[in-house]
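Here is the structure we will look at, set down as structure tokens.
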Amino acid sequence: MKQKNKIIVCKYLPNHIAAITLFPFIIYKKASYAQDPVLVNHERIHLKQQIELLILPFYLWYGIEFLLRLLYFRNKQKAYRSISFEQEAYTHEADLTYLKKRKHYAFLRR
């Protein structure tokens, strides 16, 4: 059975953000982005991560990791791309079968 996401379209997202996942929603900047299988898979990976960490701890971890990496890299884009959750999502976003074979807490295995 295909998973149905709770989709929201918000044209007011910043231009550099195509989508953001805030459990249980995936918010897209444009409705057409919800048809991009790679982007959808990337965001679904984040949904799985959020569920594993019981949602609130995910956001705390994400924010703290971003701040620590920002202090280290002194570059927002490098800090963002080096967050463990983003590394997993970007590495596997094109593998549309990844979530079926993903191991628990895979973001820890970098």
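Rule-based calculations on the coordinates, nothing more; no lab input. Keep in mind it's a predicted model, so treat the numbers as computed, not measured. Here Cβ is always computed from backbone atoms with ideal geometry, including for glycine, and neighbour counts include all displayed protein chains.
Quick notes
- Any hit, the range 46-56, residues being within 23 Å of N15 (Cβ to Cβ) and either in contact with a helix residue (DSSP H, G or I) (Cβ under 8 Å, 6 or more places away or on another chain) or exposed (fewer than 14 other Cβ atoms within 10 Å of the Cβ) (or both): yes
- The residue of the range 7-26 that is nearest to Y62 (Cα to Cα), among those that are in contact with a helix residue (DSSP H, G or I) (Cβ under 6 Å, 6 or more places away or on another chain) and not in a loop (DSSP other than H, G, I, E, B), is T21.
- Those residues of the range 93-110 which are assigned to a helix (DSSP H, G or I) and either within 18 Å of I20 (Cβ to Cβ) or without any contact (Cβ under 8 Å) to a residue 24 or more places away in the chain (or both), in sequence order: K100, K101, A106, F107
- Residue list for the range 77-110, filter: small (G, A, S) and over 18 Å from L39 (Cβ atoms): A79, S82, S84, A106
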